[in-house]
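Visitor: There's a structure below that I have some questions on.
The values are calculated or read from the model by the stated rules, or taken from the named source; none is laboratory data. Quantities reported herein were computed from a predicted structural model and do not represent experimental measurements. Positions of Cβ are generated from backbone atoms using ideal geometry, with glycine treated the same way; all protein chains shown enter the neighbour counts.
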2 protein chains.
Amino acid sequence: MTYCISIKLDEGLVFLSDSRTNAGVDDVSTYRKMTIFNEDEDRTIVLMSSGNLAICQSIRQILIRKEQAESIWNASSLLDVAETVGEAIKKIHKRDSPTMNDLGVEFNCSFILGGQIKNEECRLFKIYSAGNFIEAGTECIYFQIGESKYGKPILDRVLNPNMNLNVAAKCALLSMDSTLRSNISVGLPLDLLVYEKNDFGISNYLSITDENSYFKEIRSSWGSYLREAFNHLKDIDWSNSKLRHSRDTYNKQLLQKKISK
Amino acid sequence: MTYCISIKLDEGLVFLSDSRTNAGVDDVSTYRKMTIFNEDEDRTIVLMSSGNLAICQSIRQILIRKEQAESIWNASSLLDVAETVGEAIKKIHKRDSPTMNDLGVEFNCSFILGGQIKNEECRLFKIYSAGNFIEAGTECIYFQIGESKYGKPILDRVLNPNMNLNVAAKCALLSMDSTLRSNISVGLPLDLLVYEKNDFGISNYLSITDENSYFKEIRSSWGSYLREAFNHLKDIDWSNSKLRHSRDTYNKQLLQKKISK
């Protein structure tokens with residue numbers, strides 16, 4: 001499995017991906033999920049992948065080959081790039097899915113595509129196994145692929161579109177931290193890219209290993225803050241009369257007595 | 001979907017379940033997932049269910065019918081009760097799964113069974129769709145069924161077996177809160193039962209609606225504490241020289257340049 005997240009903000013985009021892949025617990029390895037297309041200062045395009053690694057690699061290979069790469073480099077809109085990725089998915093689906101179906105293996109891949117092409121705003125897409133896609137808007141400002149559930153609560157609580165880019169990056173890293181702690185199929189190193197709108201470069205990129213002092217610090221502080229906050233919360237007081245009242249009213253629904261036989 | 005959690009502590013057991021059921025987004029209703037067997041002061045047995053509601057109800061109906069109910073009331077060990085539940089699952093599986101298979105519907109149910117029978121310690125089991133089960137031990141002190149991922153990180157950070165029962169109940173409620181916020185297939189009211197070992201009663205039970213002042217208070221305080229903790233965490237500083245170093249070293253792996261075509 002894997003976990004990738006991207007957030008679209010007024011100021012730009014945040015991308016974060018892990019690098020663990022596994023085909024069963026006895027076949028775990030490291031593979032970077034992020035590909036960055038950047039040159040000529042007219043476009044920064046980021047693609048992150050999740051799902052069957054053979055499928056994802058095949059699609060990536062198509063996209064960096066001459067013809068499709070040209071269509072990525074020449075696209076005047078990120079929507080066209082999303083379509084190019086969708087076409088590549090359909091091509092691999094056509095090629096590989098009959099045999100995979102025979103073997104009972106699901107054709108499973110998903111992508112996050114984001115970035116900016118000159119004369120456009122920043123855009124962010126989530127692309128599905130069928131090659132179709134959705135775009136982030138003002139209400140839905142983040143996309144996750146892979147093991148998304150563990151890290152979703154913190155995003156839902158904290159994110160908003162006019163947040164500072166680095167604050168949102170911190171939120172993405174905490175979301176990743178929760179995922180890393182609860183699921184061994186997600187692992188370091190991480191790739192973090194914070195893209196400021198109209199930059200058309202890759203000014204703020206970071207490869208995060210377990211040696212990274214910033215990530216180490218926020219992981220450990222976050223853990224301490226959470227435990228402290230937890231300890232500050234009031235414990236339940238069963239002597240409270242309102243509670244006692246509700247204790248007397250539950251029987252009918254839940255309780256089984258011997259007399260019911 | 002649903003979300004239930006149970007925690008086994010030195011002092012006793014905590015049980016918490018939601019009550020939402022849905023067969024598609026246009027068929028949402030409320031059904032309590034918790035059944036309590038208690039009488040004669042020699043046993044308190046709690047069963048919580050998740051999965052296909054028709055399956056879960058069928059299994060529950062079997063368990064409260066004369067013969068099986070007797071075996072629950074007469075069991076001298078909770079292990080025997082787990083086996084009785086397992087047998088009920090197998091019975092319904094045999095009866096319903098052929099037609100369900102034909103219709104492409106998965107035979108999907110899981111249960112948490114916990115409690116205490118006189119002359120035994122508190123015990124806690126997780127029972128699968130196949131009727132087989134596992135028991136909680138000193139390393140693995142909690143079980144979740146249903147939508148378990150959203151609420152797992154807080155459990156992994158906070159729980160330990162010698163925790164006070166009410167503190168663990170608070171942790172279960174926060175785990176539920178994260179799940180409620182991120183997944184609409186889980187909903188109020190909640191059933192909370194905190195069982196103190198050797199009680200053989202149901203002294204501390206609470207039905208929690210959105211009117212419940214304790215739950216309202218910890219939800220809102222927890223949200224504020226989290227945002228406060230989040231704001232206290234240091235933001236990333238891109239001018240840091242160590243970061244800049246790593247920014248120069250990523251190109252080979254991730255970056256696509258036009259020259260690659």
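Visitor: Tally up the residues in the range B:186-215 that are surrounded by fewer than 17 Cβ atoms within 10 Å (Cβ to Cβ) and either of a type in the set (S, T, Y) or without any contact (Cβ under 8 Å) to a residue 24 or more places away in the chain (or both), please.
Guide: Qualifying residue count for the region: 5.
Visitor: Hey, can you tell me all the residues within the range B:230-250 that are in contact with a strand residue (DSSP E or B) (Cβ under 9 Å, 6 or more places away or on another chain) and modelled with pLDDT under 90?
Guide: Going through the range B:230-250, the residues in contact with a strand residue (DSSP E or B) (Cβ under 9 Å, 6 or more places away or on another chain) turn out to be B:236, B:238, B:243, B:246-247, B:249-250.
B:W238, B:L243, B:S246, B:R247, B:T249, B:Y250, listed by residue number.
Visitor: Kindly indicate which of B:E39, B:E11 is of a type outside the set (A, V, I, L, M) and in contact (Cβ under 8 Å) with a residue 60 or more places away in the chain.
Guide: Values: B:E39 fails: in contact (Cβ under 8 Å) with a residue 60 or more places away in the chain.
None of the other options fit; the residue is B:E11.
Visitor: OK, next. Can you tell me which residue in the range A:118-147 is surrounded by the most Cβ atoms within 10 Å (Cβ to Cβ), limited to those that are more than 12 Å from A:L79 (Cα to Cα) and charged (D, E, K, R)?
Guide: In this case the residue turns out to be A:E147.
Visitor: Across the range A:82-108, what is the number of residues that are closer than 17 Å to A:A54 by Cα and in contact with a Leu (Cβ under 9 Å, 6 or more places away or on another chain)?
Guide: 2
Visitor: Is it true that B:I62 is of a type outside the set (S, T, Y) and in a helix (DSSP H, G or I)?
Guide: Details: of a type outside the set (S, T, Y): yes; in a helix (DSSP H, G or I): yes.
In short, yes.
Visitor: Can I ask one more? Filter the range B:167-185 down to the residues that are among the small types (G, A, S) and assigned to a helix (DSSP H, G or I), then identify the one that is surrounded by the fewest Cβ atoms within 10 Å (Cβ to Cβ). Quick ask: steps written out before the conclusion?
Guide: As a first pass, look at the range B:167-185 and keep what is among the small types (G, A, S): B:168-169, B:172, B:175, B:178, B:182, B:185.
Keeping just the survivors that are assigned to a helix (DSSP H, G or I) gives B:168-169, B:172, B:175, B:178, B:182.
Details: B:A168: 28, B:A169: 24, B:A172: 27, B:S175: 27, B:S178: 28, B:S182: 21.
It comes out as B:S182.
Visitor: Among the residues of the range A:3-27, how many are in a strand (DSSP E or B) and not hydroxyl-bearing (S, T, Y)?
Guide: 12
Visitor: Now, a different point. Just a yes or no: is a residue in the range A:75-95 surrounded by fewer than 16 Cβ atoms within 10 Å (Cβ to Cβ), without any contact (Cβ under 8 Å) to a residue 40 or more places away in the chain and within 18 Å of B:L255 (Cβ to Cβ)?
Guide: no
Visitor: Looking at (1) away from chain B (no Cβ under 14 Å); (2) surrounded by fewer than 16 Cβ atoms within 10 Å (Cβ to Cβ), which is the only condition A:K66 fails?
Guide: Unmet for A:K66, out of (1) away from chain B (no Cβ under 14 Å); (2) surrounded by fewer than 16 Cβ atoms within 10 Å (Cβ to Cβ): (1).
Visitor: Right, next: Out of curiosity, is B:G187 touching a strand residue (DSSP E or B) at 6+ places or on another chain (Cβ under 9 Å) and closer than 28 Å to B:D27 by Cβ?
Guide: Values: touching a strand residue (DSSP E or B) at 6+ places or on another chain (Cβ under 9 Å): yes; closer than 28 Å to B:D27 by Cβ: yes.
Yes, satisfied.
Visitor: Ok, one more. Does A:E41 qualify as being at pLDDT below 90, within 11 Å of chain B (Cβ to nearest Cβ) and not in a strand (DSSP E or B)? Before the answer, list the steps.
Guide: Details: at pLDDT below 90: yes; within 11 Å of chain B (Cβ to nearest Cβ): no; not in a strand (DSSP E or B): yes.
So A:E41 fails the test.
Visitor: What tally of residues in the range A:191-201 results from selecting those that are farther than 20 Å from A:D10 by Cβ and either outside any strand (DSSP E or B) or among the basic types (K, R) (or both)? Walk me through it before giving the result.
Guide: Taking the range A:191-201 as the starting set, the residues that turn out to be farther than 20 Å from A:D10 by Cβ are A:191.
Next, only the ones that are either outside any strand (DSSP E or B) or among the basic types (K, R) (or both) stay: none.
Residues in the range A:191-201 being farther than 20 Å from A:D10 by Cβ and either outside any strand (DSSP E or B) or among the basic types (K, R) (or both): 0 in total.
Visitor: Does the range B:115-122 contain any residue that is more than 14 Å from every other protein chain (Cβ to nearest Cβ) and among the basic types (K, R)?
Guide: yes
Visitor: Is it true that B:I45 is in contact with a strand residue (DSSP E or B) (Cβ under 9 Å, 6 or more places away or on another chain) and crowded, with 16+ Cβ neighbours inside 10 Å?
Guide: On the way: in contact with a strand residue (DSSP E or B) (Cβ under 9 Å, 6 or more places away or on another chain): yes; crowded, with 16+ Cβ neighbours inside 10 Å: yes.
Here the answer is yes, as B:I45 does meet what is asked.
Visitor: Out of the residues in the range A:160-201 that are more than 10 Å from chain B (Cβ to nearest Cβ) and among the hydroxyl-bearing types (S, T, Y), state the one that is nearest to B:I236 (Cα to Cα).
Guide: Only one residue tops the list, namely A:Y195.
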